[in-house]
Amino acid sequence: MEKKIKVLMVDDEAQFRATTQKILNRKGFDTIIAGSGEEALGKLNDDPDVVILDIKMPGIDGHEALQEIKKRKPDLPVIMLTGHGALPSAKEALGKGAFDYLSKPCDIELLAAKVKEAYHQNKIPIEEQEKRVHEAMVPLEEYTTLSGDQSVATAIAELKSSFACKISTSRIMETGHRSVLVMEAGGAVAGIVAITDLLKMIMPAYLSASKPSTADSIQYSPMFWKGMFGAETRRKSRLKVNEVMSPAPPVIDGAASLMEAAYRMHTENARRLVVVSSDKVVGVIREQDLFFEMENILSS
């Protein structure tokens, strides 16, 4: 018979504890409860497999409890629960060793799935555990960056230089960035210039202009655009980078899993994500970085 996963549920709301305990028990977990951080530390002697820990509690709050749990049982996975408006606090907990965080009210199916994920992840040998985003990203110092007041011609030259292929033991191959990050003076990402932005830049302006109401059927033919590619490239190369850049890519925490990065790229239709740590930009993770990780998994 498969061992029941023992869950320690820690929350100062009695009704929430009781209801969640009943539901988790019905789903096959062995659930014990604690109403405070202090009580939770005492129940570590019951050897739980996973801890579900509320952040905001009187006395020892979730952050303090997490710190003490990790001190006593470093390998015990802890899932943090956060109320409305406490998301930054929950993300901070990831950097302190939390396995994951969920918002209240919490979908019980999601909570149960996270408990199982935490339990089984903890059984995987260290050498087989998946990398986090910060381990697969391109560090910021290796990525091509420009300021917004530099010229498009400079961006094109810098972008070309980034295409040199490099052999890498961690990624098999590191390919060209296919983009340039546009940085603000304070270190934030203002935008991005990709090849698609450059192609959009040289398109004739009338393509995006409103057509006269009597000319909805007008179709523009490229056959009349002889010489325009070179002419528009030379003319637009004098523009500033911030005049042609796209908005900055979505942001992801460096401690996030590669699965979260893949999910974000898929759902937000993004080919790259800006990686941050303690609110500081530290790198970029691209779709090809995830692709090479997939290849590594299958070839190892």
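The values are calculated or read from the model by the stated rules, or taken from the named source; none is laboratory data. Worth saying up front: this structure is predicted, and the values here are computed from it rather than measured. Virtual Cβ from ideal backbone geometry, glycine too; neighbours counted across all protein chains shown. Protein only, heavy atoms only, side chains kept; ligands, DNA and RNA dropped before computing areas. Shrake-Rupley method; radii C 1.70, N 1.55, O 1.52, S 1.80 Å.
At the residue level, ARG72 shows approximately 130 square angstrom of accessible surface with a 1.4 angstrom probe and all protein chains present.
Length available on full extension from GLU13 to LYS280: 0.36 nm per residue minus the Cα-Cα distance, which gives 92.6 nm.
Projecting label points 7 angstrom from Cα along Cα→Cβ for LEU207 and ALA113 puts them 4.1 nm apart.
In this structure PHE99 has an accessible area near 30 Å², from a 1.4 Å probe over the protein heavy atoms.
Amide H contacts for ILE5 (H built 1.01 Å from N in the peptide plane; partners 5 or more residues away or on another chain; cut-off under 5 Å): ASP30. Put HIS120, HIS266, HIS177 in order of accessible area, highest first, and with a 1.4 Å probe you get HIS266, HIS120, HIS177. Potential lengthening of the chain between ASN45 and THR233 amounts to 60.7 nm, from the contour at 0.36 nm per residue minus the alpha-carbon distance. Placing dummy labels 7 Å off each Cα toward the beta-carbon, the span from ARG72 to LEU102 is 2.3 nm.
With the simple spin-label model, which puts each label point 7 Å out from Cα in the Cβ direction, the SER246 to GLU38 separation comes to 5.5 nm.
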